[in-house]
């Protein structure tokens, strides 16, 4: 059977524009667009520290932010951020971090953001 698509081994295929137009004129998105939407994930991005002060540089472009954990959904990413923000200070204290550095680390954790892995700002990296 000719599927007219690509990557049959992956369980999905993308129809060409010509085939999509001829086969299913009522579908606004091509088959591969649906697949692309399903595989988007999220990164927990942390602002880089200022070299002089160690404070989080929240105004830095996302291309300079530190890429943290990757998640399948924004909900998972936000839940992890909340957990890190809540439990981070105790973990930092246990590791022997002084109070000044602790404040900077906690501020960086709070400033972290969940960014879609297809965000154009990340492509600048």
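Throughout, read-outs are computed from the coordinates displayed, never taken from laboratory work. Values in this document were obtained by computation on a predicted structure and should not be read as measured data. FYI the Cβ positions are ideal-geometry reconstructions off the backbone, even for glycines, and counts take in every protein chain you see.
Between residue 63 and residue 94, what is the label-point separation in nm under the 7 Å Cα-to-beta-carbon projection?
3.9
How big is the range 41-124 on each of its three principal axes, counting only the C-alpha atoms and giving the largest first in Å?
37, 28, 15
Once the piece of chain linking residue 102 and residue 119 is laid out straight, how much longer is it, given 0.36 nm per residue of separation minus the C-alpha distance between them?
Working: separation 17, 0.36 × 17 = 6.12 nm, distance 3.02 nm.
Extra length available between residue 102 and residue 119 comes to 3.1 nm.
How far apart, in nanometres, would the label points at residue 55 and residue 79 be if each is projected 7 angstrom from Cα along the Cα-to-Cβ direction?
Each label point is offset 7 Å from its Cα along the Cβ direction, giving 3.5 nm.
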